[in-house]
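The values are calculated or read from the model by the stated rules, or taken from the named source; none is laboratory data. Bear in mind that the values here come from a model prediction, so they are computed numbers and not experimental data. Cβ placement follows ideal geometry from the backbone for every residue including glycine, while neighbour counts extend to all protein chains displayed.
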Amino acid sequence: MAAAAAERAATEPRPRREARPLDPDIGAELVDVLGNQRGTRLSERLAQASEALDRERFDEARRIAASIAKEAPSVSAVHEVLGLASYRLGRYKPAVAALQQAQTLHENPALLPVIADAYRGLRRWSAVERVWGQIKAASPPHDVIAEGRIVMANALADQGDISGAIAVMEDGRKAPKRVRDHHVREWYVLGDLYDRLGDTIGARRWFGAIAEVDPQFVDVMERLRGLGR
């Protein structure tokens, strides 16, 4: 169970969110939709939902965002918070619905890997592949495409295609000039896939690369010990 939790921590998509006050533009949008008094009040509530999400109080974030969505269904940020909270709770079907609605109202490529992983949770493999295609077509920042690659590879692995998953992870990979979090996460997935394939050398290579830059990364030292390092 601990190993599974560590793997999820390493491979679950991480949409880029920073704890911060509510964007004034979102507050202004709520005021435009609902009027000054109610819009201001729901701006405060949405800020509370966003803070709850950042602090991993997912039930609270989902509950608040769901109530706001009933009054302001045209505001993308409300559906984003609702979808992300639902996703983190493992409620994949409502997560997809909310995040797709957020995308319809305002495109945000950073949400696409989360949508793909929610489809993966629903075992809708063709939808995962479709969203992976959207991610590549959007030419997003490197961390976003890395998250999408991780989801697509894990979806193939879920279906027993470990070699195909490795091919997705290896495709277009180059040695980074500066190692960032998404590189380490990609390396972990590669190490795990090679381990599952029975390729001890390949698994040691990638887990060893992680150990050199971040030996505290989830269970990487345990994984290396298990490989007989």
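The sole residue among D171, D158 that is at pLDDT below 90, within 30 Å of T104 (Cβ to Cβ) and not hydrophobic (A, V, I, L, M, F, W, C) is D171. Restricting attention to region 61-87, the residues that are closer than 19 Å to A127 by Cα and either in contact with an Asp or Glu (Cβ under 8 Å, 6 or more places away or on another chain) or among the aliphatic types (A, V, I, L, M) (or both) total 2. If you check A65, A61, A52 for being part of a helix (DSSP H, G or I), at pLDDT 90 or above and touching a Gly at 6+ places or on another chain (Cβ under 9 Å), only one passes: A65. Restricting region 38-60 to residues that are among the polar types (S, T, N, Q) and farther than 14 Å from A72 by Cα leaves a set whose member that is surrounded by the fewest Cβ atoms within 10 Å (Cβ to Cβ) is Q48.
Of all residues in region 53-71, those being closer than 12 Å to R88 by Cα and either hydrophobic (A, V, I, L, M, F, W, C) or more than 20 Å from the chain's Cα centre (by Cα) (or both) number 3. Cβ separations smaller than 8 Å between residues 6+ apart or across chains give the following pairs from region 82-98 residues that are surrounded by 24 or more Cβ atoms within 10 Å (Cβ to Cβ) to residues that are outside any helix (DSSP H, G or I) and at pLDDT below 95: L84/P15; L84/R17.
Pairs are defined by a Cβ separation below 6 Å, a sequence spacing of at least 6 or placement on different chains, a first member in region 122-133 that is assigned to a helix (DSSP H, G or I), and a second member that is of a type outside the set (A, V, I, L, M); the pairs so defined are A127/Y119; V128/Y119; V128/R120; W132/G148.
Which helices (runs of 4 or more DSSP H) sit wholly inside region 161-217 and have at least 1 residues that are in contact with a Lys or Arg (Cβ under 6 Å, 6 or more places away or on another chain)? Outline the logic, then answer.
Details: elements: 162-170, 181-197, 200-213.
Once the helices (runs of 4 or more DSSP H) in region 161-217 are filtered for at least 1 residues that are in contact with a Lys or Arg (Cβ under 6 Å, 6 or more places away or on another chain), what remains is 162-170, 200-213.
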